[in-house]
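S.K.: Here it is, the structure, as structure tokens.
None of the figures in this text is laboratory data; all of them are computed from the coordinates on show. This structure is a prediction, so every number in the text was calculated from the model and none was measured. Positions of Cβ are backbone-derived with ideal geometry, glycine not excepted, and every protein chain shown enters the neighbour counts.
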Amino acid sequence: MAAPVNALVELRGVAKHFPVARSLGEVVRGQHPAVRALDGVSFDIGAGDALAIVGESGCGKTTLGRLLLKLVEPTAGTIAFDGAALAGLSGEALKAFRRQAQLVFQNPFDALNPRFTIYRAVAEPLLNAGIDKSEHADRVAEAFRRVHLPDLERYLDRYPHQLSGGQLQRVVLARALVLTPRFLVADEPVSMLDVSVRAGILSLMREIREEMGLTAVYISHDLALVRYLCERTVVMYLGTIVEDGPTLEIVRRPRHPYTRALVAAVPVPDADQSRAPLPIIGSVPDARDPPSGCRFRDRCPHAFARCATETPPLRAVGEGHTVACHLDLA
Ligand code: SF4
């Protein structure tokens, strides 16, 4: 993908490995194999853009989201936000970053402290950020207006268990917006909700992003969902990027064999049905010992000898569209 002109977030060669021990013997011998959750990930996110990160469970997308918010530190590589390396942030600069970058949790039922009233839950980030208490009521009211819960008095003294899933996710959104951030990471934001309320929340998220000019990252396994929210999609497999491009192009004309399988697996409006679904074999390999060369080769119906020895680099296949595969994918 061509680098966005005004990049708010820049990743270069980012890796994240989690040491694990498979047995007591490994602990005794000091051999700690690592789960290679991410390896060599580089891309930019333009200011005001909406980017989707998609892939199966275990592809590294949630780890990537946590790295973007500095909730975990990379094993290698750099991440910069608004020109400043996250690794170097501390003190006031780190607090300023925390105010600007917020997470929308996957499960609204777990995201809120059950002992806090809704008002306290939404006002808590203001308290943590040192915002004067005299401003809290107005800022909470503004956040509630943004998430279309205008009947403020009805909710403030209630507790999370007294709200529906859809109402709770709006409260979680209000909590993420109360500090008027610039950057939002939403990890599977509607996957725990009833199908009946998902469309309303997705529509609201798109409206909020446009209204506030937010830069947003949506992490999902669901290409149909991100098609609705994001102009650009990054497809990940076993800790690496396999395809990066305009969402509509990826949905209508996926190039990488893995992306084709993802598109074939879900009903996506506008997908090119003439492109036969390609069966992928087996399940995601062990991230402690990924295959050599192309990490997808054990499951790829097109794999050939070179795939085992050479890692395919991302190469351009169209305007702002890159794919990591040795084949010439039309
Ligand atoms: Fe399949 Fe080889 Fe392309 Fe990997 S590089 S996706 S194994 S054809």
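S.K.: Using only alpha carbon positions, build the gyration tensor of the range 102-254, then give the equivalent ellipsoid semi-axes as the square roots of 5 times its eigenvalues, largest first, whole angstrom.
M.R.: Working through the eigenvalues yields semi-axes of 30, 16, 14 Å.
S.K.: Say R0 is 56 Å: what FRET efficiency, to the nearest 0.05, do residue 196 and residue 310 get from their beta-carbon distance?
M.R.: The value I calculate is 0.70.
S.K.: Want the number for residue 116 to residue 224: 0.36 nm per residue separation, take away the alpha-carbon distance, what's left?
M.R.: That pair, residue 116 and residue 224, stretches by 35.4 nm at full extension.
S.K.: Another question, if that's okay. Considering every Cα-Cα pair within the chain, what fraction, in whole percent, is farther apart than 25 Å?
M.R.: 54
S.K.: Once you mark the chymotrypsin sites (Phe, Trp or Tyr not before Pro) that are in a DSSP loop and have at most 15 other Cβ atoms within 10 Å, what is the longest gap between them in the chain?
M.R.: The answer is 117-303.
S.K.: Now, a different point. Under 11 Å from the Cβ of residue 284, count the other residues' Cβ atoms, weight Lys and Arg +1, Asp and Glu -1, and hand me the total.
M.R.: Summing Lys and Arg as +1 and Asp and Glu as -1 gives -1.
S.K.: May I pose another question? To the nearest 10 degrees, how steeply does helix 118-128 sit against the main Cα axis of the chain, on a 0 to 90 scale?
M.R.: On a 0 to 90 degree scale, this one is about 80.
S.K.: Under 8 Å for C-alpha pairs, at least 6 residues apart: give me the relative contact order for the range 31-129, rounded to a whole percent.
M.R.: Relative contact order here is 16 percent.
S.K.: Additional query: Quote the FRET efficiency, to the nearest 0.05, computed for residue 93 versus residue 159 with a Förster distance R0 of 45 Å and r equal to the Cβ-Cβ distance.
M.R.: 0.80
S.K.: Across the range 216-260, what fraction of all alpha-carbon pairs, as a whole percent, falls in each successive 10 Å bin from zero upward?
M.R.: In order of increasing distance, the bins hold 28, 63, 9 percent.
S.K.: Residue 133: which aspartates and glutamates have alpha carbons under 20 Å from its alpha carbon, excluding same-chain residues fewer than 8 sequence positions away?
M.R.: Those aspartates and glutamates meeting the cut-off are 92, 124, 142, 153, 157.
S.K.: With a cut-off of 8 Å between alpha carbons and a minimum separation of six or more residues, what is the relative contact order of the chain in percent? Kindly include the intermediate steps, with their values, before the conclusion.
M.R.: On the way: 610 pairs, mean separation 67.0, N = 330.
It rounds to 20 percent for the chain.
S.K.: Further question: Equivalent ellipsoid semi-axes for the range 116-172, as square roots of 5 times the alpha carbon gyration tensor eigenvalues: give them largest first, rounded to whole Å.
M.R.: So the three semi-axes of the range 116-172 are 19, 12, 9 Å.
S.K.: Among the trypsin sites (Lys or Arg not before Pro) within the range 56-134, which fall in a DSSP loop and have no more than 12 other Cβ atoms within 10 Å of their own Cβ?
M.R.: Hits after loop and neighbour filter: 115.
S.K.: Rounded to the nearest 500, what is the 222 nm mean residue ellipticity of the chain from helices alone, with -39500 (n - 2.57) per DSSP H run of 4+ residues and division by all residues?
M.R.: Helix contribution divided over all residues of the chain: -9500 deg cm²/dmol.
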